[in-house]
1. Extension gain Asn94-Ile32, at 0.36 nm per residue separation less the Cα-Cα distance, in nm?
2. Please calculate how many Å² of accessible area the chain carries per residue, with a 1.4 Å probe and no DNA, RNA or ligand atoms counted.
3. Within the set Lys101/Lys139; Lys46/Lys185; Lys4/Lys182, which residue pairs have Cα atoms separated by over 31 Å?
4. Please report the accessible area of Asp189 (heavy atoms, 1.4 Å probe, ligands and nucleic acids excluded) in Å², nearest 10.
5. I'd like the trypsin sites (Lys or Arg not before Pro) in the stretch 16-83 restricted to DSSP loop residues with at most 14 other Cβ atoms within 10 Å, sorted by number.
6. Is there a quick way to get the dipole size of the stretch 46-129? I mean about its Cα centre, with the Cβ of Lys and Arg at +1 and of Asp and Glu at -1; what is the value in debye to the nearest 20?
7. What would the Debye equation give as log₁₀ I(q)/I(0) for the stretch 57-196 at q = 0.10 Å⁻¹, counting only Cα atoms as equal point scatterers?
8. Would you list the P(r) distribution for the stretch 1-59, with all Cα-Cα distances sorted into 5 Å bins from 0 and each bin expressed as a whole %?
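The values are calculated or read from the model by the stated rules, or taken from the named source; none is laboratory data. In this text, all values refer to a predicted model and were calculated from it rather than measured experimentally. Quick reminder, even Gly has a Cβ in these numbers, built from the backbone with ideal geometry, and neighbours come from all protein chains shown. What goes into the accessible areas is simple: the full protein's heavy atoms, side chains included, and nothing from ligands, DNA or RNA. Shrake-Rupley method; radii C 1.70, N 1.55, O 1.52, S 1.80 Å.
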Amino acid sequence: MFIKIIDCTEKSDKNIEDIINFLINYFDSLNIKNERIKFKDFKIVKCTQCRCCTLIKSDSPTKCVIKDDMNDLLDKIEEATAFVIVADRNDLFNRNKLFEKVESRLIAYHYWPYSQAHSTPRKTVLDKTSILINYNTTKYFMNHSFYMARMYMEEASISIGAKVLDWQAIIPTKDLIKDYAKRLKEMADKLVNNSK
């Protein structure tokens, strides 16, 4: 088993570091191989919508013609058998721009010839698993930002071939790890027990 912790957070925050370190330490205590991937460490540009990557029929993601770090990121994603996807939401009306940019490049996981009206996922069987954690600091209205963040994160998970097992929005508290430790362990155990 190889868990990739995909960190697509836009802003640096001690609470996010604490969440990720808690999970890394927990997986280490179970002797489960894991690695953190920080989107911020990769040079990734916005998708140009050329659709070159979508024209080749394949079960695996197709390499992009843009010469940035996205192809390396795709290789790292493909190594995993399970994922923890962590994203932040800091604005009620605007998405996480970093996550949005990388998510647009996940079109490499879709087959979309010019004759077809819509794209179809390359991975028709979700043989990997994921848990989603959204660190949310918005002054939300009727949970709008929670719902939208979850929707975008689920779409990204399905694109990479991972079935979502659980989701949690985390809001800042005085002692965040103490408040969320039980829930984070519960989610981590679910990932471990339902992955190959």
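1. On the way: separation 62, 0.36 × 62 = 22.32 nm, distance 3.57 nm.
18.8 nm is the gain from fully extending Asn94 to Ile32.
2. Working: 10160 Å² over 196 residues.
Solvent-accessible surface per residue comes out at 52 Å².
3. Values: Lys101/Lys139 24 Å; Lys46/Lys185 35 Å; Lys4/Lys182 21 Å.
Check vs 31 Å cut-off fails for Lys46/Lys185.
4. Surface accessible to solvent at Asp189 totals approximately 50 Å².
5. Details: sites: Lys33, Arg36, Lys38, Lys40, Lys43, Lys46, Arg51, Lys57, Lys63, Lys67, Lys76; in loops: Lys43, Lys46, Arg51, Lys57, Lys63, Lys67.
Passing both the DSSP loop test and the Cβ count: Lys43, Lys46, Arg51, Lys57, Lys63, Lys67.
6. For the stretch 46-129, the charge dipole is close to 300 debye.
7. -0.38
8. Using 5 Å bins, I get a P(r) of 4, 14, 18, 16, 15, 13, 8, 9, 3 for the stretch 1-59.
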